[in-house]
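Notes to accompany the following structure.
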Amino acid sequence: MQPTAGVDEVGRGPLAGPVVAGAVVLQPNARFEGLRDSKRLSARQRELLAVEIKEQAWCWALGRAEVVEIDRLNILRASHLAMQRAVTALELVPGLLLVDGNLLPHFTIAAVAVVKGDARVPQISAAAIIAKVARDAEMVRLSRVYPGYGLERHKGYGTAAHFAALERLGPCPLHRRSFAPMRQRTVVRRMQAVEA
């Protein structure tokens, strides 16, 4: 019998950075203390669980879609692309995919959408955790490439500090220009520049 993989993505909501997906095939007897919705875990808990998951899973993989793809395709399609890439990168071919959410990307493998799956299905929780840890680490690294935005703290989400930095510095190549808050602020800045 072929194993089941959990699939989930992180980073749909931020104003900046890639969207990252995880795919995980857990061993049937795998047990992880505290495995649940990644959003209900502290950063340290996620990091510790990610190490355990990678050590004990049959296999795991990450996929991603870049900012240019998000802006070109839209965030839903880019998220689906990241999930497809994660599944394709798995070392073994699962017999079934359990995917968080209510919409499925196109897969060549049988797949089931599971609403709130990251809180209900261990494989999906594991996929979300490894994706979240990987994306957070990347945003910390990118904060050194693009300083001043506070990416290491908010990871690209639309916090007050992030918006203040955008007003001060303008967008950088990590920013998703197709997102409404980015478009609105770009328009406002252009109008202010014309009036000045």
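The values are calculated or read from the model by the stated rules, or taken from the named source; none is laboratory data. Just so it is clear, the model here is predicted, and its values are computed rather than measured. Here the Cβ positions follow ideal geometry from the backbone for every residue, glycine too, while neighbour counts run over all protein chains shown.
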With the condition kept exactly as written, say whether any residue in segment 139-147 is of a type outside the set (Phe, Trp, Tyr), under 29 Å from residue 90 (Cβ atoms) and in contact with a strand residue (DSSP E or B) (Cβ under 7 Å, 6 or more places away or on another chain).
-> no
Tabulated pairs, segment 28-45, first more than 27 Å from residue 94 (Cα to Cα), second aromatic (Phe, Trp, Tyr), C-beta under 8 angstrom, 6+ apart or interchain | none
Flag for residue 97 being under 23 Å from residue 35 (Cα atoms), hydrophobic (A, V, I, L, M, F, W, C) and at pLDDT 95 or above = yes
Since residue 17 meets every condition but one in (1) touching a Pro at 6+ places or on another chain (Cβ under 6 Å); (2) under 17 Å from residue 157 (Cα atoms), which condition does it not meet?
-> (1)
Considering residues that are among the acidic types (Asp, Glu) and within 12 Å of the chain's Cα centre (by Cα), the number found within segment 35-92 is 1
Applying the selection to segment 113-145, what residues are farther than 21 Å from residue 32 by Cα and surrounded by fewer than 16 Cβ atoms within 10 Å (Cβ to Cβ)?
-> 113, 115, 137, 140, 141, 144, 145
Check off (1) outside any loop (DSSP other than H, G, I, E, B); (2) touching a helix residue (DSSP H, G or I) at 6+ places or on another chain (Cβ under 8 Å) for residue 109 and give me the number that stays unchecked.
-> (1)
How many residues are modelled with pLDDT of 90 or more, in contact with a strand residue (DSSP E or B) (Cβ under 8 Å, 6 or more places away or on another chain) and assigned to a helix (DSSP H, G or I) when one looks only at segment 164-196?
-> 1
Among what's in segment 68-96 and is surrounded by fewer than 21 Cβ atoms within 10 Å (Cβ to Cβ) and among the β-branched types (Val, Ile, Thr), pick the residue that is farthest from residue 113 (Cα to Cα).
-> 68
